[in-house]
1. Okay, helix-only estimate at 222 nm for the chain: each DSSP H run of n ≥ 4 adds -39500 (n - 2.57), divide by all residues, round to 500 deg cm²/dmol; what do you get?
2. Residue by residue through the range 305-314, which ³J(HN,Hα) values in whole Hz follow from phi under the Karplus form 6.51 cos²θ - 1.76 cosθ + 1.60 (θ = phi - 60°), with glycine and proline marked x?
3. Hey, what do the phi angles of the range 333-342 turn into as Karplus ³J(HN,Hα) couplings, whole Hz, using 6.51/-1.76/1.60 and θ = phi - 60°, x for Gly and Pro?
4. Rank Ser81, Ser330, Ser262 by mean-square fluctuation in a GNM of the chain with C-alpha springs under 10 angstrom and give only the top-ranked residue.
5. Which pairs in the list Lys150/Lys351; Lys276/Lys315; Lys155/Lys276; Lys83/Lys113 are over 19 Å apart, alpha-carbon to alpha-carbon?
6. With a probe of 1.4 Å, find how much accessible area the range 91-132 has per residue, and write the answer as a whole number in Å².
7. Classify the range 88-151 from the C-alpha gyration tensor, please: rounded if a/c falls under 1.5, else prolate or oblate depending on whether a/b exceeds b/c.
8. Please give the residues of the range 126-162, grouped as numeric ranges, whose backbone N is less than 19 Å from a label point set 7 Å along the Cα-to-Cβ vector of Arg57.
Amino acid sequence: MHAVSFKTLRKRKDWEPPRMRAVATPLPLMLICEFLSGSTTIDHLPGLLRDRSDAFRDISVVAGFDAFVDELITVVEERQSVKEFRRLETIHSFGEAIKASAGRSSLREIVVKDTEPGGCAVNLGDALIGLGCNVDYTGTVGQPAHPAFKGFLSKCRTWKAVGGAPGRTLAFEFADGKCMMSAISQLAELTPEVLEASLEDGSFLAQCQRAPVLAFTNWSLYPYMTDCWGVLQSRILKHLSHRPHLFIDLVDPRGRPRSDISRMLERLVAFEEFTKVCLGGNLNEANVIAGLLGLEEIEEEEPEAVALQASQIRKVLGISEVVTHCVHSSACATVEGGSEHAPTPFCASPKKSTGAGDRFNAGYCAGTALGLRGVDRLLVGNCCSGFFVRNARS
């Protein structure tokens, strides 16, 4: 097991980005280099990224298939004036407030801070574009596309709507995390038949032919996604002339029956014949898979334990890679490099947390496309996420 030093990076947990200055390198990438420059244990990486900054512009990533309109919400604990209030700080206190109202009912004020384009594939694509990569996106943005996605879609190299309306997420944000509630019945309109019809023009196959990395996200909230994966395997992936990396983020599968998850894992493993599969997710999601596979679940975030769990999941499933991102660290297990872990630039007071994991995924995918070793991919992903929570943008 390999790891970079936590000590050096943790000293910089209050790191803030330097002022913007005119540089050829995309700004988020430049800021990642600025952050990493403070660590003597990984002093090779900033120079490596700068040297390869032009290579980001040659990276193509195919992303699909989810899309959500996200409403970012703060829960009010006490209203002090028309313009001022004290927010409910933690998920624990929110839970206690709800628990206290059992049998009595209650009313709690919320403040909708913003309405934004969301969904794992949208967020991942947005971050990749910020790094200078080319993104071909296909997903359920609506037909016609919902106005919330106008900015994102305008930055994609190509995009295509498939299925019906986007999902809707109410994202309750707290200092210690977020609680998301989604309306998803409309996502059932993305069926294998609808997806297969959208592939008939050949554009998706052409996009996959030129991409070193594919990213298929959000199995959990799309009821027919397992069968859609089957269509992708038979109609697209088996016809590729190369074996790309395939990044899969399930999203929290705890709301699905064990039988559904087991069937999904069988289909996921089948991707390995055509691609190098990387299963990504947070610690909760990793624990769900571990529990289903008869592996030990992790109660506390310990980097070595997270890395070991990732290695065990990878070996049992027989796929190329597993990566897990947590609050203070991330870990990966690969065929080539074993298990590794790296620290995150922790931010005690994030400007925005919803979508941070997707930004990690984007950095990790970009590092994969560049051929970086596992621990360096983790660091790039961690810093993309760290940049996002501090600036509320990719």
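The values are calculated or read from the model by the stated rules, or taken from the named source; none is laboratory data. Remember, it's a predicted structure, so these values are computed and weren't measured experimentally. Every residue, glycine as well, gets a Cβ built from its backbone with ideal geometry; the counts of neighbours run over all protein chains shown. Just so you know, the surface numbers come from the protein's heavy atoms only, side chains and all, with ligands and any DNA or RNA stripped out. Shrake-Rupley method; radii C 1.70, N 1.55, O 1.52, S 1.80 Å.
1. The per-residue figure over the chain is -11000 deg cm²/dmol.
2. Here the 3J(HN,Hα) series is 5, 5, 5, 5, 4, 4, 5, 5, 4, 4 Hz.
3. Using θ = phi - 60°, the values come out as 9, 10, 5, 7, x, x, 9, 9, 9, 8 Hz.
4. Ser81
5. The pairs that break the limit, which is 19 Å between Cα atoms, are Lys150/Lys351; Lys155/Lys276.
6. 54
7. Numbers: a/c = 3.49, a/b = 2.43, b/c = 1.43.
Prolate, since a/c reaches 1.5 and a/b exceeds b/c.
8. Hits in the range 126-162 for Arg57 at 19 Å: 127-136, 155-158.
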